[in-house]
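Below is one structure, written out as structure tokens; comments come after it.
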Amino acid sequence: SLRHVVRRLVRTPMFTAVTLLTIALGIGANTAIFSIVNGILLKPLPYQDPDKLVSLWLTAPGLGLADLNASPSVYFTYREEGRVFEDVGLWRTETYGVTGTAEPEQVDSLVVTDGTLPILGAKPLLGRLFTKKDDTYGSPETVMLTWGYWQRRFGGDSAIIGRRLIIDGKAREVIGVMPKEFRFMSRTASLIIPFQFNRAEVFVGNFSHQGVARLKPGVTMQQANADVARMIPMMSTKFPLPPGFSQKMFDDIRIGPNVRPLMRDVVGDVGKVLWVLMATVALVLLIACANVANLLLVRAEGRQQELAIRAALGAGWGRIARELLLESVVLGVMGGAMGLGLAYGGLKLLMAIGPEYLPRLDEIGIDARVLAFTLFASLVSGLLFGLIPVFKYAGSRIGTSLRDGNRNASGGRERHRARSVLVVAQVAIALVLLICSGLMMRTVQALLHVQPGFTDPKHIQTMRVSIADGAVKEPERVLQIEQEIVRKMEAVPGVTSVAITNSVTMDGYTDNDPIFDEDHPTADGKMPALRRFKFVSPGYFRTMGNRLVAGRDLTWTDVQDKRPVVVISENFARELWGQPGAAVGKRLRESPKGLWREIVGVVGDERDNGANEKATTIVHWPLLVTKFWDQEVHIRRYPAFVVRTDRAGSASLLKELRQAVWSVNPDLPIASVRTVEEIYRGSMARTSFTLVLLGIASGLALVLGVIGIYGVISYSVSQRTREIGIRMALGATRESVSGLFVKHGVVLAAIGIGCGLAIAASVSRVMKSLLFEVSPLDPLTYIAVPLILMLAALIATYLPARRATGIDPSDALRSE
């Protein structure tokens, strides 16, 4: 009965404690990772009928793009001509400066069309959502607040509705506040603002927006993509092409449909990492089960005569098996309860080391599904490690235990075979996890040797300053303000250089457009390849620590006189002209009818998409550009100021930099205050997160595997005490006796390592997408890990083997 099982466990506190701790570690690790998997991948999105929500992407194989964003022309075409969507919305993230209420600040914001929030089923806490009028060009400016911003900035004042806020220099009326539980995918925002597209100015292009739609009842994804394919050719009949672009250029791009579930965009590529980690900790649980099975085998072996007597008195095999299984299941459930507590603490730790990388963070927690998983894992584990002693000691041979339990039994091979098999399995699984962890360590090592496009990132401070169009109209005046801020920052003690850019390396601000170069005209009017656009001030490359490969840097004279000059990246120069120096003096332009710009310099490559991604080809434009697309004068109004100083990250420096900005204009909002090292760490978040978890899992696997080897050899020594005494009485040396057990442990470890290598060779290929410049069959890892594991096995084997040599032969011969 259950009462008898519990009483028996209480009478053996050491066995019970070790067993429960082992189970708790295995189940706790699985519960913690499953909580993350559940919150991110398994829970439906917190919207009305989330399975009907889709993202509106396109493909452009002619440009090598598997994912092409939506555009205003896509939005109007789908909304006016679509047959499969209940409604279509467009959105993107922006930053806006809020002034006039307190200290000026720059806040993350969402810009949406009027149908976007209703598509998600969102309802306001106060006020109303946007209407078609709010989103019509020329209508009065309106804004909605998210709950967090409403609480932080206005203390939850319900009188906020109808109040006017100064946002980017324009007065906007607050018409609504979103509820606390509202989440817009994985984005955080303070303000929500309507697009107000001017339909008369829309053209086929500007593919820089995100699209969302709700499918009509009964519509499949295949039908949705078919309808999009029908509408794509309509865009060029409804809207004009960009100046200088031909219909053939767009035909060659081969724009196609790519409607897909919204969940895929919310989750991103984190799914494959989480499933790899889930499989990893499942292996840890298997090792824990093998360890517990070994303990139960020892426990059942000590009860052989008891079980045999019970069988002789009429107890059937089924009854004995049920009792043994009940004990293992009770241990599994109790260990699972302890594991749940460990998982709760582990989850807090995991959230601390991977928050920026993981989406849907607020939905991760221990809920009913997680509790059900823990119970299931506990029951399965209990049955798994309980069946082995049941089959071995509760079978038809149980009656032979009375005959075998005499003084002459010295422990044959049969008694140790099951435990040896379990140890081999533990070692094999531990090796697989250690190799996976080793491959991730090699990946991190490779990433640290990559030249990302900057040096000494911890000494580079960045912050963004917004100069809104509503505050300062003239682009030339904006440039003067930016230059004055640079001069003020350069005067701050400890600052060695200051520069400006619209995008710091790896910060996520991307702008990709086609580039036409004079030496390589596109055949038959085809669209040229896309390049990354950046706008920089003189001294930017020096401040970042990037090298000038050929030519010269931009000068302030270039910027102020609006000279048609650019600087390009080394990989761009090599792609088109073979050598960096050969690119200097060549000309390119951003559109077929644009102004030719001379390449005056070539700089080192930048890993702009992250250290683990290929360096992008970049065109660096001056801060102030004339005749850029349809603008007479173009300037970026939300630039990042880059400051090189040994004081980067200190509170005193940040205070002085803010004072420098506000001494030029006290109404300029400041945002994104961080060092380049923080940006760099963020780009490596996935790799670091994966490495930490694999390291923890493989560490647990190594410890449990070593304990398994130690336990088997220790038990072997205790069971062969009489044999050891006989050997030593007949003249065997201590070295030969200890060598007997060391050999046993080494053979088990070697077999496990051999099996593990074969498994790892196939399993590690699954990790290929997580590795960087490291082969899944990396020789160094496959040599180092088995050596480390064998060394650990030797230590675990030597300790009990050494104890065997201390046995007194006369005592051993008198023992049973």
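The values are calculated or read from the model by the stated rules, or taken from the named source; none is laboratory data. Please read these numbers as outputs of a predicted model, since none were measured by experiment. Neighbour counts are summed over all protein chains in view; Cβ atoms, including those assigned to glycine, are modelled from backbone coordinates with ideal geometry. For the accessible areas, the whole protein counts, side chains as well, though only heavy atoms, and no ligand, DNA or RNA atoms are used. Shrake-Rupley method; radii C 1.70, N 1.55, O 1.52, S 1.80 Å.
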Original post:
Are there any pairs with C-beta distances below 8 angstrom linking a residue in the range 280-301 that is open to solvent by 10 Å² or more (accessible area, probe 1.4 Å) to a residue that is not charged (D, E, K, R) and not in a helix (DSSP H, G or I), with the two at least 6 apart or on different chains, and if so which?
Top reply: 299/12
**OP:** Taking residue 72 as the residue in question, decide whether it is out of contact with any Ser or Thr (no Cβ under 6 Å at 6 or more places or on another chain), of a type outside the set (A, V, I, L, M) and surrounded by 16 or more Cβ atoms within 10 Å (Cβ to Cβ).
**Re:** yes
**OP:** Residue by residue through the range 589-614, note down the ones that are under 22 Å from residue 449 (Cβ atoms) and open to solvent by less than 20 Å² (accessible area, probe 1.4 Å).
**Re:** 603, 604, 606, 608, 610, 611
**OP:** Working only within the range 119-153, note down all residues that are open to solvent by 60 Å² or more (accessible area, probe 1.4 Å), closer than 19 Å to residue 74 by Cβ and not hydroxyl-bearing (Ser, Thr, Tyr).
**Re:** 132
**OP:** Quick one: which strands (runs of 3 or more DSSP E) lie wholly within the range 446-553 and hold at least 2 residues that are among the aromatic types (Phe, Trp, Tyr) and in contact (Cβ under 8 Å) with a residue 12 or more places away in the chain?
**Re:** 530-536
Original post:
Looking at this structure, is residue 99 touching a Lys or Arg at 6+ places or on another chain (Cβ under 7 Å) and at pLDDT below 95?
Top reply: no
Original post:
Do you know which of the residues in the range 253-272 that are at pLDDT below 85 and out of contact with any Leu (no Cβ under 6 Å at 6 or more places or on another chain) is surrounded by the fewest Cβ atoms within 10 Å (Cβ to Cβ)?
Top reply: 269
Original post:
Taking the stated definitions as given, is residue 763 among the β-branched types (Val, Ile, Thr), farther than 20 Å from residue 791 by Cα and outside any helix (DSSP H, G or I)?
Top reply: no
Subject >> Residue check, residue 15 surrounded by 15 or more Cβ atoms within 10 Å (Cβ to Cβ), among the aromatic types (Phe, Trp, Tyr), closer than 30 Å to residue 292 by Cβ and within 23 Å of the chain's Cα centre (by Cα) >> reply: no
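Out of the residues in the range 671-687 that are in a helix (DSSP H, G or I) and open to solvent by 50 Å² or more (accessible area, probe 1.4 Å), which is farthest from residue 488 (Cα to Cα)? Break it down stepwise before answering.
Taking the range 671-687 first, the residues in a helix (DSSP H, G or I) are 676-683, 685-687.
With open to solvent by 50 Å² or more (accessible area, probe 1.4 Å) added as a condition, the list becomes 677-678, 681.
Working: 677: 24, 678: 24, 681: 29 Å.
That would be 681.
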**OP:** Report yes if some residue within the range 346-369 is in contact with a Leu (Cβ under 6 Å, 6 or more places away or on another chain), crowded, with 20+ Cβ neighbours inside 10 Å and in contact (Cβ under 8 Å) with a residue 12 or more places away in the chain; otherwise report no.
**Re:** no
Original post:
With 509, 540 as the choices, which residue is over 22 Å from residue 627 (Cα atoms), within 32 Å of the chain's Cα centre (by Cα) and open to solvent by 10 Å² or more (accessible area, probe 1.4 Å)?
Top reply: 509
**OP:** Scan the range 341-386 for residues that are closer than 18 Å to residue 186 by Cβ and aromatic (Phe, Trp, Tyr) and jot them down.
**Re:** 357
Subject >> Selected residue [open to solvent by less than 20 Å² (accessible area, probe 1.4 Å), in contact (Cβ under 8 Å) with a residue 40 or more places away in the chain, among the aliphatic types (A, V, I, L, M) and closer than 15 Å to residue 112 by Cβ] from 224, 189, 213 >> reply: 213
Original post:
Among the residues of the range 495-542, how many are aromatic (Phe, Trp, Tyr) and in contact with a helix residue (DSSP H, G or I) (Cβ under 6 Å, 6 or more places away or on another chain)?
Top reply: 0
Original post:
When residues of the range 764-781 are filtered for being of a type in the set (Gly, Ala, Ser) and loosely packed, with under 12 Cβ neighbours inside 10 Å, how many remain?
Top reply: 1
Original post:
When only residues in the range 621-633 that are open to solvent by 20 Å² or more (accessible area, probe 1.4 Å) and touching a residue at least 24 places away in the same chain (Cβ under 8 Å) count, which is farthest from residue 590 (Cα to Cα)?
Top reply: 633
Original post:
Applying the selection to the range 75-107, what residues are open to solvent by less than 10 Å² (accessible area, probe 1.4 Å) and among the aliphatic types (A, V, I, L, M)?
Top reply: 88, 90, 98, 107
**OP:** Restricting attention to the range 645-700, report how many residues are within 24 Å of the chain's Cα centre (by Cα) and of a type in the set (S, T, N, Q).
**Re:** 7
Original post:
Are any of the residues in the range 252-268 outside any strand (DSSP E or B) and over 36 Å from the mean Cα position of the chain (by Cα)?
Top reply: no
Original post:
If you go through the range 204-217 one residue at a time, do you hit one that is in a loop (DSSP other than H, G, I, E, B) and under 27 Å from the mean Cα position of the chain (by Cα)?
Top reply: yes
Original post:
Within the set of pairs 6 or more residues apart or between chains, which connect a residue that is closer than 21 Å to residue 283 by Cα inside the range 682-695 to a residue that is of a type in the set (Gly, Ala, Ser) with Cβ atoms less than 7 Å apart?
Top reply: 689/354; 694/437; 695/437
Subject >> Boolean, residue 793 is at pLDDT 80 or above and either crowded, with 20+ Cβ neighbours inside 10 Å or in a helix (DSSP H, G or I) (or both) >> reply: yes
**OP:** State whether one or more residues within the range 159-166 are of a type in the set (Val, Ile, Thr), open to solvent by less than 40 Å² (accessible area, probe 1.4 Å) and within 34 Å of the chain's Cα centre (by Cα).
**Re:** no
**OP:** All but one of (1) farther than 30 Å from residue 251 by Cβ; (2) open to solvent by 30 Å² or more (accessible area, probe 1.4 Å); (3) of a type outside the set (S, T, N, Q) hold for residue 62, so report the exception by its number.
**Re:** (1)
Subject >> Test: residue in the range 167-178 that is modelled with pLDDT of 95 or more and open to solvent by 60 Å² or more (accessible area, probe 1.4 Å) >> reply: yes
